[in-house]
Structures are given as structure tokens and as C-alpha cells.
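The values are calculated or read from the model by the stated rules, or taken from the named source; none is laboratory data. Everything numeric in this text was worked out from a predicted model, so none of it was measured. Cβ placement follows ideal geometry from the backbone for every residue including glycine, while neighbour counts extend to all protein chains displayed. Accessible surface areas use protein heavy atoms only, side chains included; no ligands, DNA or RNA. Shrake-Rupley method; radii C 1.70, N 1.55, O 1.52, S 1.80 Å.
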Amino acid sequence: IRASRKALEGPVHKESDYAPAYTRTSTGRRLSLARWMTDRDNPLTARVAVNHVWTRHFGEPLIESVFDLGLRANKPLHADVLDYLAAEFMESDWSFRQLHRLIVTSQAYQLSSSATDPQTIGRDPANQFYWRMNVRRMESQIVRDSILQLAGSLDPALGGPSQDVGNDSR
């Protein structure tokens, strides 16, 4: 900050002419905003968070757009699921761990992606009702860890040195 103020100096203005960037005391506006955003009477923040986490697990959001949950957005097909998960998320003191656990232990998450019932495919080809798991590409880290696990070289301990997976001189 001091360097940016120095850059503003000229023949007329000196660094000491500028007010401090941050006051020593808080006005409480940010805290008020945070409390309003996380208030139980305003579930929008929880819905947005749940929608993002759901998208990470299923590849598709519960609401068409993860960026617009407002009045312009279409009513979600699974509004009841979104509301239930948002309520559980708030009740668990905004615990993402609990939210992830709730989603990955659900029956919808544990469905097979290889279900091929022609009658069901005909009725719901886009899988909007989650009668099977959507096929998705694995992220590169998951592919890497899966290969290391199969090779017997994955260290499950947290932290530690990186695994050298470069070309050997063999």
C-alpha cells in the first residue's frame, strides 16, 4: 500500500496527504453483511453453496445456472432436494464436510452409471430424475492418484514429499 501511495506522489501531492487505506476501527458493515448472508431467514447463501457442491459431485447443478438463483432463473426440478440440503447445511453450522457426507451417502450418488433400461432412457434421456449416475470424466488428480494406487506407490498419509512420476532413466 505504501508503494502505491508513493507512486501517486507528484509535485503537488505527497504521501502524507492521503488518508489511511484502512481505519483502525470497524464500522461493522462487513459483519452486518456477513450476518445477513448467513441468517436462517435468508437461505440463498446456503442454496448457492449446496448447488456448487452438488455440481462437483454430480457434474450437473440442481439449478440450471450456478450463477443465478434469483427470480430470472427457472424453478428447479428438485427444489425440495435443494431446500433440504440447504437446511441441513445451515443446521450443521455450515459444515462442508457434513454436506459432502450427506451427498455421497445418498442413494442418488451411489447409483450405477451403466444402467441401460430402455424404457427409463426413453422417458428420461437427460437423467433429470437421477435414476442413474451421469458418466463424467475424472479430473487429472484422480487419474494420477488412481494410477499410483494401482502401482502400489500412493502414500495415503497427509502431507509429505511429492511423488516423482517423471520418466525413469531405466
Exercise. Mean residue ellipticity at 222 nm from the helices of the chain, using -39,500 (n - 2.57) per DSSP H segment of n ≥ 4 over the full residue count, to the nearest 500 deg cm²/dmol?
Worked result: -12500 deg cm²/dmol
Exercise. For the chain, what % of the accessible area comes from carbon and sulfur atoms, probe 1.4 Å?
Worked result: 54 percent
Exercise. What nm value, rounded to one decimal, do you get for the distance between ARG72 and SER153 when each label is placed 7 Å out toward the C-beta?
Worked result: 5.0 nm
Seminar exercise, completed: Scoring only Lys, Arg, Asp and Glu (+1, +1, -1, -1) among other residues with Cβ under 12 Å from the Cβ of SER95 yields -1
For this session: Apply the Karplus parameterisation 6.51 cos²θ - 1.76 cosθ + 1.60, with θ equal to phi minus 60°, to every residue of the range 126-132 and state each ³J(HN,Hα) to the nearest whole Hz, in sequence, with x for glycine and proline.
Result: 8, 6, 5, 9, 6, 8, 8
For this session: With an 8 Å cut-off on Cα pairs and a minimum separation of 6 or more residues, tell me the relative contact order of the chain in percent.
Result: 13 percent
For this session: In whole Å, largest first, what are the principal axis extents of the Cα atoms in the chain?
Result: 78, 60, 30
Problem set entry | Stretchable slack from SER106 to GLN141, in nm (0.36 nm times residue separation minus alpha-carbon distance) | 10.2 nm
For this session: Over the chain, average the accessible area per residue using a 1.4 Å probe and give it in Å², no decimals.
Result: 80 Å²
Seminar exercise, completed: Longest principal axis of the chain (C-alpha) makes with the long axis of helix 44-58 (C-alpha) an angle, in degrees to the nearest 10, of 50 degrees
